[in-house]
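Single-structure report; data block below.
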């Protein structure tokens with residue numbers, strides 16, 4: 001009967017403690033969930049901002065490449081225009097030379113024309129009889145042949161000069177037309193190149209303005225990214241603080257529960273002892289009523305009561321020792337400050353575990369070392385943690401408070417470690 005009462009008292013005490021203490025943890029958990037939800041929103045905005053930055057950088061890079069190509073085209077056009085101007089100047093000089101040659105040919109034509117008119121006039125005035133008289137009046141046959149040859153040469157010369165003049169005139173005319181065509185073609189190329197240069201210059205200006213806009217948008221996006229990263233960092237710190245608070249409340253609740261359990265057991269033991277003493281006293285009173293009492297007989301029960309009081313003190317002392325022992329296990333003892341039951345994982349310095357930070361130092365700046373380095377947020381760098389009998393140093397980040405990531409020497413060791421849970425103490 002007494003053992004049943006003792007068990008009921010212990011259970012009642014435990015239910016009372018469990019109904020009171022978890023309300024604080026529940027409030028902290030709600031705060032943690034709200035903080036995580038806000039952090040997820042911020043990280044989503046950060047992801048969108050990073051994506052926008054990547055797109056802007058890509059577009060800016062493409063525009064810069066396009067601008068480089070446009071500048072090269074513009075430079076080629078400038079060189080082409082310079083060469084066309086040189087060609088135009090050369091054709092202009094050639095045109096002037098041809099014009100001079102044409103003018104000289106016209107002068108020669110005029111001279112030949114005048115000479116031919118004089119000869120024709122002379123031949124008309126003298127007529128063919130004069131040529132015949134000149135031939136017949138020759139002193140000899142030799143002179144006759146010479147005069148006939150001279151007359152023939154004069155006529156042939158006139159015909160030859162006329163042909164050469166006509167040929168020269170035709171050549172100059174063709175050359176003049178060719179130079180005009182070439183000059184017109186150069187002028188057309190100059191006009192076309194000038195128009196194209198203007199178009200390219202407009203595109204260059206537009207592309208340059210677009211790049212400036214991209215640069216401004218990138219600057220704003222990077223500022224926004226920095227602000228979001230700062231907010232994420234603050235939210236992580238807040239979450240780690242809440243996680244630490246929850247773990248502290250959990251440890252405090254465990255300690256209080258152990259103390260309440262010990263006190264309930266002590267009270268139950270004291271009550272049981274009191275009931276036993278009452279039963280013994282009732283039995284002694286019955287025995288005393290049957291016997292005659294004297295002074296010596298009256299002092300005996302006092303001796304028994306003293307023994308019973310000593311027993312009760314021993315029970316209370318043992319109960320107090322149990323309470324102190326449980327309090328030591330749940331609070332600050334020889335192992336350090338109890339932080340709670342933490343999740344344990346492992347990582348190494350490979351790219352799979354650390355990404356772009358592989359092979360480099362930890363977030364604290366120290367090079368990681370197996371058996372010493374762990375990663376966890378919410379506590380300062382250099383904090384010593386006692387886990388399963390080993391003392392580790394917090395030198396890295398990447399996990400929230402309550403999740404310890406232990407550094408391993410190889411990726412296979414990190415994989416084989418898996419996922420575990422263990423009590424963690426902060427070494428004082």
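No lab work stands behind these numbers, since they all come straight from the coordinates. All values derive from a computational prediction rather than experimental measurement. Positions of Cβ are generated from backbone atoms using ideal geometry, with glycine treated the same way; all protein chains shown enter the neighbour counts.
Give me the number: length gained by fully extending residue 417 to residue 29, i.e. 0.36 nm times residue separation minus the C-alpha to C-alpha distance, one decimal in nm.
136.8 nm is the gain from fully extending residue 417 to residue 29.
Calculated FRET efficiency, residue 337 and residue 372, Cβ-Cβ r, R0 22 Å, to nearest 0.05? Don't jump to the answer; show the numbers that get you there.
Numbers: r = 20 Å, r/R0 = 0.91.
Computed FRET efficiency for residue 337 and residue 372: 0.65.
Counting beta carbons within 10 Å around each of 161, 376 and listing the fewest first gives the order 161, 376.
Give the relative contact order (percent, whole number) for the range 333-426; include only Cα pairs under 8 Å separated by 6+ residues. Display every interim value, and only then the final one.
Working: 204 pairs, mean separation 41.6, N = 94.
In percent, rounded to a whole number, it is 44.
Each part gets one Cα centre, and for the range 150-219 versus the range 404-428 those centres are 83 Å apart. Set the Förster radius R0 to 45 Å, insert the Cβ-Cβ distance between residue 175 and residue 65 as r into 1/(1 + (r/R0)^6), and round the FRET efficiency to 0.05. Using R0 = 45 Å, I get an efficiency of 0.40.
For a modelled paramagnetic label at residue 189, 7 Å from Cα along Cα-to-Cβ, the residues of the range 61-90 in reach, with backbone nitrogen under 20 Å, are 73-90. Give me the tail of P(r) for the range 333-426 as a percent: Cα-Cα pairs with distance above 24 Å. Tail of the P(r) past 24 Å holds 14 percent of the pairs. Here the spin labels are modelled as points 7 Å beyond Cα on the Cα-Cβ line, and at residue 351 and residue 252 they lie 4.8 nm apart. If the segment from residue 168 to residue 280 were pulled out straight at 0.36 nm per residue, it would be longer than the present Cα-Cα gap by 24.2 nm.
For residue 161 and residue 58, FRET efficiency with R0 = 60 Å and r from the beta-carbon atoms, rounded to 0.05?
Details: r = 79 Å, r/R0 = 1.32.
Computed FRET efficiency for residue 58 and residue 161 comes out at 0.15.
Taking 7 Å steps out from each Cα toward its Cβ at residue 101 and residue 223 produces label points 7.1 nm apart.
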